[in-house]
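Just below is one structure, and these are the notes that go with it.
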Amino acid sequence: MVIKLVVGRSTLNVTSIYAPQVGLDEEVKRRFWEELDGVVRGTLPTEKLFIGGDFNGHIGSSSSGYSEVHGGFGCGVRNGGGTSLVDFTRAFELVIVNSIFPKKEEHLITFQSMVAKTQIDYLLLRRCDKGLCEDCKVIPSENLATQHRLLVMDIGILIKRKKRFVRGQPRIIWGALTKDTALELEGKLVAIGA
């Protein structure tokens, strides 16, 4: 699912995904990555891109070999699904946002069942927009489903306001006025008034 929002002069593309589970056929997984590839390629470079969802993979706690996309903060050990994710983020110059910020384990775990605690839900954005992200964490008390936990990202988008043009008398900006130019201006004004 893709939602396109226009905020001020910025266009935001918010994409929600659900990757195939570990036990599914490799052909199903290949089609998923191809479709996501199409979504990313279909988003203009001038627009903001946010991808979030259940990637059903573990990126692990180590950024080894992927430091440009993985911030070094994660859980566990990278598996095949996690390798597919970090390879995808590298290919499209994205970053895995919830690996950037150091957090306690309870703010990293996105999936918790009776037998497992893991991180399989991720938020991605373009590397060039990484500065927009102010924080990313799991809110432990909020459950989207019985096992998944709410993952949130704080972003800061600057909305530029148009300058108002007021008709009427021209404005005089006195900040750059020096003593010499003030005396020169006084002489001209006196000459006009005489």
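The values are calculated or read from the model by the stated rules, or taken from the named source; none is laboratory data. Everything numeric in this text was worked out from a predicted model, so none of it was measured. Using ideal geometry, Cβ is built from the backbone for each residue, glycine included, and neighbour counts are taken over all protein chains shown. Side chains are part of the model used for accessible areas, which takes the heavy atoms of the whole protein and leaves out ligands, DNA and RNA. Shrake-Rupley method; radii C 1.70, N 1.55, O 1.52, S 1.80 Å.
Which one is farthest from the chain's Cα centre (by Cα), of the residues in segment 13-67 that are open to solvent by 70 Å² or more (accessible area, probe 1.4 Å) and either within 24 Å of residue 155 (Cα to Cα) or touching a residue at least 60 places away in the same chain (Cβ under 8 Å) (or both)? Here the residue is 18. Counting only strands (runs of 3 or more DSSP E) that sit completely within segment 1-95, those holding 3 or more residues that are within 21 Å of residue 110 (Cα to Cα) and of a type in the set (Val, Ile, Thr) correspond to 10-18. Mind counting the residues in segment 106-119 that are closer than 15 Å to residue 58 by Cβ and touching a strand residue (DSSP E or B) at 6+ places or on another chain (Cβ under 8 Å)? Summing the residues that are closer than 15 Å to residue 58 by Cβ and touching a strand residue (DSSP E or B) at 6+ places or on another chain (Cβ under 8 Å) in segment 106-119 gives 8.
Evaluate the following for residue 77: is it modelled with pLDDT under 90 and touching a Ser or Thr at 6+ places or on another chain (Cβ under 9 Å)? So that I can check it myself, show each step before the final result.
Values: modelled with pLDDT under 90: yes; touching a Ser or Thr at 6+ places or on another chain (Cβ under 9 Å): yes.
It is true that residue 77 is modelled with pLDDT under 90 and touching a Ser or Thr at 6+ places or on another chain (Cβ under 9 Å).
Scanning segment 152-194 for residues that are modelled with pLDDT of 70 or more, open to solvent by 90 Å² or more (accessible area, probe 1.4 Å) and over 42 Å from the mean Cα position of the chain (by Cα) turns up 179, 180, 183, 184, 186, 188, 189, 190, 192.
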